């Protein structure tokens, strides 16, 4: 039943606009319980000179082309490929990681060192991604299963995992990891 | 900069309306990158006879007074108090639980039995809750730390945990749990 | 797909508001070809002091509680019951009637006299009513079948008929009638 | 007094947009009794990627360039010219015709045969057209006068007629005709 | 042609709402050149819980019941009656006055003293008032004619005057006066 | 807090649109007392075929590119340069001027003659301009100080002045002037 009309300045990409329509629909469904088919979204775009706040024209903030989920996927893919330079690209200064049994780590090479003592390599199979927008940052959670090899070369798979990321200003600021590796480790 | 105007039928409670304003603001910030102070939401309410889809008056879906997060909190509190009857109230038929090392469980008494072999009791301290609205269900994730006692009576605390819940039609349908208990168990 | 939002002063009855929603939906379907389920109408009512044209508060025109179709039905029912006083209530001054083979008539008693030479009585069974709103008047068309008795007492039925009415300012201004009585008259 | 704002996807032709403005104005006048000069219509067009229902982009239904009235005029002109191929173009399968004293006919050649026994030719002079949009089809009514020649060659004119058409999906599905020919036939 | 729709929180008085409609109409006429009859204003009021900026409910600023022009009229009337206590009520701290040939004065008693050397009393007849809203204050200008008596008792009238006031936060902050008294003074 | 959305036909220049945003913001602040940062304006432009009043497309009035204030500045600059031909360009027929001690004058050459007896030349330094839009005309007021030379060649400066102009249909119709020259004249 609800109709959502967003007035905004023209200039956002098609990808961003469609993402906005999608997520506003999901949010409205989540709060009001309306069926998605009954939720309509219109983005009414105005020209830059057709908008003013406080009487002055404003340039809108630049929207990120990548959804937070995409940035997390790209970071995890780079880490899986051990391409630390590509992975760094997605991080903010002060990025912090916490893994099961690890201290809080701030550098990717520290993570590589710490994890190399626990497994030879690990691959993630994703079951779902969630993105939650909060007041001044977003949180992305992904979960699924791990497969890989222990330091002694024996393999493992179907190990449950979940990662929780915090994103501010389009960069990852924090990663917390949980998994069942401790249950299976030789 | 963006202004979001929602046209909807009058009748939602103040709590639900404020939740809608809050979450639409967060969603818009998350997608467009606009600062919250520049995002305005108006809920324009119409009377039942001032709305039609397909030319017919429609009764809107009933919104849940509790936010998904509140339902999860209430469920976890009931479980911590071992009040299974109160806890059941929040569950849908076919509710499934998966814990580290557990099989998929469908009844709360099975969970009680399974967990009693692993710890005497456990208390959760929450660090954050996230609610993510998806196309036809919502996901609530909470994380923090566990404290409690092993079966032998020795205590533990500061054990990292994260729970992921799926909610459909205001009832919990699934709970997946990860924690670092296996790292510390005597 | 289209959403129609009407801004208007509060004060119209529920019946009128629902009629407006219904007919705006039908009109939009007729022009755009959109399926009715995809056409949403919202009536956003404002207080009298929240509306101005030319800077001045305006009192809105009084809407007729009866739809034009209802007025035509009431008129035809009164005529069928030969209750000329009740029938007159629906007519404007200068109401004109034209029947097959009749001169233009302006008084109901003239019509009674003219028709009494052609049939003893006639009853209408309606198949459909259409209301068409034009720039400054509305037209109501109804069609169906006639049954009744000739002056000699023999009966007739299933005679095709169609009546076309013009309505201005909530009163009938013109009635044109066609039927197949001439094909069957003894 | 009322202002009608339609949110719709960009892409409709100028002719269709102006027709929508015109007919929404007439409908509003018809229901609310407002004077036309006080009824304003705005069509706010959004880009395809600025619209979503159920969170998904939708392609709008294709609007007919011809108004239902234009299609009826074209059909009647083709029939008057005895151009059956052009006339067929406007018809749906299952098109049904009923004339005074005729059986229900489904083929244009049957109509030609039936009418050729009643008159040599007939021409229509139109007095008015009405288009009424209903829930899932539209009705077009036209009336005026017939002139022509009987089978014996003698001419007639000023014979009252009215035609009622049903249109679904831009094609004529039904035509019902009434006229006073029976009153004058030699 | 233009339609102005204001979304605002319910709670403003009828007087304030009508003033807003009036002045928005005048402003639009002044900028676009549209005739007033073609400018429509709607104030769409929402409940307090149906509004959020930055995701939070906000209490709207309190609007002044008196228009700036009314406050100026009240101040001038109090001064004319030499009711300094009533006049002070309309002033902000730091109120400054400048008259022809006077120093900048900050207290009403200084003004009384200064003017008593120039005339026994003076009455204003107003020709027009203008209110100009600027970015953070409003300016009220009134002009007309003065009549009164010189210190020697002889009278004067039809002396041109104009007063310019600055108003911030509903209080007068500055008054500048010009008049032709110097041309006529004995 | 308030959001102002103007629906209007596309075609106004950027300068005019930004002026409209600016002045609607100021007007709203002036009436409601809202802080400017909380007032948002959107101009939603529609195509010519997406607008109708009374069901008919309308061509909008042509907006003046120059704000009333700019026209006054241009007129005063032309007068200061004694370029009467340029100055005339800004005037309507029937333009009337009233200066301190002058009769009402209707021709610029009369003004030149009248003022030449009072001063050799005069230059204006502006302190502020106000534009007030009224129901069918606008008023521009400017004030500041005069400097110049008397007929005998001696100079003067810092003489207070204020000019009040009436503007209709983009042309100046009236100018009223006040100043303190009489206080200082030799």
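Here are the numbers for the structure shown:
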quantity: Relative contact order %, the stretch D:3-57, counting alpha carbon pairs below 8 Å whose residues are six or more apart; calculated: 52 percent
quantity: Nm distances between copies for residue A:104, ranked from closest, using label points 7 Å along Cα→Cβ; calculated: 3.8, 5.5, 8.1, 8.1, 9.3
quantity: Ordering of E:107-116, D:60-69 by packing [mean C-beta count within 10 Å, highest first]; calculated: D:60-69, E:107-116
quantity: Rounded FRET efficiency, nearest 0.05, which uses the C-beta distance separating residue B:58 from residue C:150 and R0 of 35 Å; calculated: 0.10
quantity: Burial order of peptide ranges E:78-86, B:168-176 (average beta-carbon count within 10 Å, highest first); calculated: B:168-176, E:78-86
quantity: Rg/Rh for the protein assembly as shown, where both radii come from Cα atoms and Rh is the Kirkwood radius; calculated: 1.09
quantity: Residue E:48/residue A:47 FRET efficiency (R0 51 Å; Cβ-Cβ; nearest 0.05); calculated: 0.95
quantity: Most fluctuating residue given options D:89, D:143, D:56, as computed from a GNM of chain D linking Cα atoms under 10 Å; calculated: D:56
quantity: With Cα atoms, 0 to 90° folded angle of helix B:68-80 axis to chain B main axis; calculated: 20 degrees
quantity: Other protein chain Cβ atoms within 10 Å, averaged over every residue that makes up B:139-145; calculated: 3
quantity: Computed over the stretch F:13-94, the ratio Rg/Rh where both radii use C-alpha atoms and Rh is Kirkwood; calculated: 1.11
quantity: At 1.002 mPa s and 20 °C, Stokes diffusion of the stretch A:127-169 via Kirkwood alpha-carbon radius, µm² per second; calculated: 176 µm²/s
quantity: Cα convex hull volume per residue for the stretch F:1-141 (Å³); calculated: 173 Å³
quantity: Candidates D:58, D:22, D:120, ranked by Gaussian network fluctuation over chain D, Cα under 10 Å, top entry; calculated: D:58
quantity: Copies compared at residue E:123 - label distances in nm, ascending, label defined 7 Å from Cα in the Cβ direction; calculated: 4.5, 8.3, 8.4, 8.4, 10.0
quantity: DSSP-defined antiparallel bridges as percent of all bridges, chain D, nearest 5; calculated: 75 percent
quantity: Percentage relative contact order, the stretch C:68-184, counting C-alpha pairs under 8 Å, at least six apart; calculated: 26 percent
quantity: For the stretch F:3-57, the spread of Cα positions along each principal axis, largest first, Å; calculated: 38, 24, 13
quantity: Kirkwood-Stokes translational diffusion coefficient of the stretch D:68-184, alpha-carbon pairs, 37 °C, 0.692 mPa s, µm²/s; calculated: 226 µm²/s
quantity: Other protein chain Cβ atoms within 10 Å, averaged over every residue that makes up E:169-177; calculated: 1
quantity: Using a Förster distance of 35 Å, the FRET efficiency for residue C:158-residue C:89 (Cβ separation, nearest 0.05); calculated: 0.65
quantity: C-alpha center-to-center spacing [the stretch F:110-161, the stretch A:43-81] in angstrom; calculated: 52 Å
quantity: Expected 222 nm ellipticity per residue - DSSP helices of 4 or more, -39500 (n - 2.57), all of chain B, to 500; calculated: -8000 deg cm²/dmol
quantity: Average beta carbon contacts from partner chains per residue of E:68-75, 10 Å cutoff; calculated: 0
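Computed from the coordinates by the stated procedures, all read-outs in this text should not be read as laboratory data. The structure presented is a predicted model; accordingly, all values stated were derived computationally and were not measured. So basically every Cβ, Gly included, is an ideal-geometry build from the backbone, and we count neighbours across all protein chains shown.
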